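The values are calculated or read from the model by the stated rules, or taken from the named source; none is laboratory data. All values derive from a computational prediction rather than experimental measurement. Glycine also receives a Cβ, built like all others from the backbone with ideal geometry; neighbour counts cover every protein chain displayed.
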Amino acid sequence: MSQTTPALAVRPGGASGSPAGGSEFSPLLRAVRSQGLLERRHGWYARVIALNTLALAAVATGIVLIGNSWWTLLLAPVLAVFGARTAFIGHDAGHAQITGNKAVGRLIGLVHGNLLLGMSYSWWNHKHNRHHANPNHIDKDPDVAADVLVFTGEQAKARTGFRRWLTRHQAWLFFPLTLLEGIALKIHGFRDLRRQSPGERSVEALLLIGHVAGYAVLLLTAMSPGKALAFAALHQALFGLHLGLSFAPNHKGMEMPDPDGVPWGHLRRQVLTSRNIRGGAVTDWFLGGLNYQIEHHLFPSMPRPHLRLARPLVRSHCRELGIPYAETGLVDSYRQALGHMHEVGEPLRAG
């Protein structure tokens, strides 16, 4: 069913049902394992990686062949779409969905993150794993920490100056701001190098610099500086927008655990804070499987093609326990997420 209630800090035993226990998740885990849904799909991922690599190579070849023409800019949206596919592969590698071999998984992540996108694989994993451990937890989830956007009334009240104006209008500004996300991800990656160990830092830095150099050489050898700059701006903006469209529906506007309340068990912590997006093969492809956000959070290492197969098991289990299972259409998911951000900024507009 669709979840339309604004994100509120709730306590187990209140609106969310009975207190969580470890036994709530165990039967579901056994059912998923019995159907082999945690087994890896090496062949499927090999095909996905190969096809994505060919697509990126085809776009790069097209840029060179079309050359110094404004028509080349038509390839920028195509590159943005397959750049998002590349990010999804890196995401899956970080969750050990592709392989259980840590060295191989890291290599896949470094190639798809650092080299192909200029986005630090180590930074992403460090941040994303903390999000998975405590989704929507105001004190522990970095994705809901007060930054450009805020997600609670308390965060909004603390805003001053330009950030206060930003919060007042954050619902309207959300998607325009995602146009900057492609550049922001690169900046975060370079900044994170200071946190990394010397060995990790040298590899990550070399690949990040390699991406920037390769990207610049590709564009500047094919186009004039002006056209190259226009291509890069359009490509990075659409890449950031695509990622924003993919991640925005997942948790924004969903319940937020009470930091002072009784901790939730794994099942409730992941289900109550996540939202699924209904759709078919096109939705699965466009969102990289993240439309099965509930299943992904319950089973982070589950291969992407198995998430849709686990969905009926998870829905049925939640129904038996009386736990809300939030699922809605893509457009409505944006309405809910933006509605929550609009509500958070309401007191500042009223004042």
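Some observations on this one:
- Checked against (1) touching a helix residue (DSSP H, G or I) at 6+ places or on another chain (Cβ under 9 Å); (2) of a type outside the set (Lys, Arg); (3) at pLDDT below 95, Glu255 passes all but condition (1).
- Residues of region 211-247 classified as under 15 Å from Phe82 (Cβ atoms) and either of a type in the set (Val, Ile, Thr) or surrounded by fewer than 14 Cβ atoms within 10 Å (Cβ to Cβ) (or both), total: 0
- Some residue of region 37-57 being in a helix (DSSP H, G or I) and closer than 18 Å to Val217 by Cα: yes
Residue by residue, here is whether (1) under 24 Å from Thr283 (Cβ atoms); (2) touching a residue at least 60 places away in the same chain (Cβ under 8 Å); (3) surrounded by 14 or more Cβ atoms within 10 Å (Cβ to Cβ); (4) touching a Cys at 6+ places or on another chain (Cβ under 7 Å) holds:
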{"site": "Ser34", "(1), (2), (3), (4)": "no, no, no, no"}
{"site": "Leu38", "(1), (2), (3), (4)": "yes, yes, yes, no"}
{"site": "Ala46", "(1), (2), (3), (4)": "yes, no, no, no"}
{"site": "Leu51", "(1), (2), (3), (4)": "yes, no, no, no"}
{"site": "Ala55", "(1), (2), (3), (4)": "yes, no, yes, no"}
{"site": "Ile66", "(1), (2), (3), (4)": "no, yes, yes, no"}
{"site": "Ala76", "(1), (2), (3), (4)": "yes, yes, yes, no"}
{"site": "Arg85", "(1), (2), (3), (4)": "yes, yes, yes, no"}
{"site": "Phe88", "(1), (2), (3), (4)": "yes, yes, yes, no"}
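- The lone exception for Ala80 - which of (1) surrounded by 16 or more Cβ atoms within 10 Å (Cβ to Cβ); (2) over 23 Å from Leu219 (Cα atoms); (3) touching a helix residue (DSSP H, G or I) at 6+ places or on another chain (Cβ under 9 Å) it fails: (2)
- Asp147 vs. criteria surrounded by 18 or more Cβ atoms within 10 Å (Cβ to Cβ), within 20 Å of His251 (Cα to Cα) and among the charged types (D, E, K, R): no
- Any hit, region 214-228, residues being assigned to a helix (DSSP H, G or I), in contact (Cβ under 8 Å) with a residue 12 or more places away in the chain and over 26 Å from Pro77 (Cβ atoms): no
- All conditions but one from (1) assigned to a helix (DSSP H, G or I); (2) more than 30 Å from Ala326 (Cβ to Cβ); (3) among the polar types (S, T, N, Q) apply to Ser246; the one that does not is (2).
- Residue within region 256-270 that is of a type in the set (Asp, Glu), more than 24 Å from the chain's Cα centre (by Cα) and either in a loop (DSSP other than H, G, I, E, B) or crowded, with 18+ Cβ neighbours inside 10 Å (or both) present: yes
- Tally, over region 98-129, of residues that are among the small types (Gly, Ala, Ser) and not in a helix (DSSP H, G or I): 3
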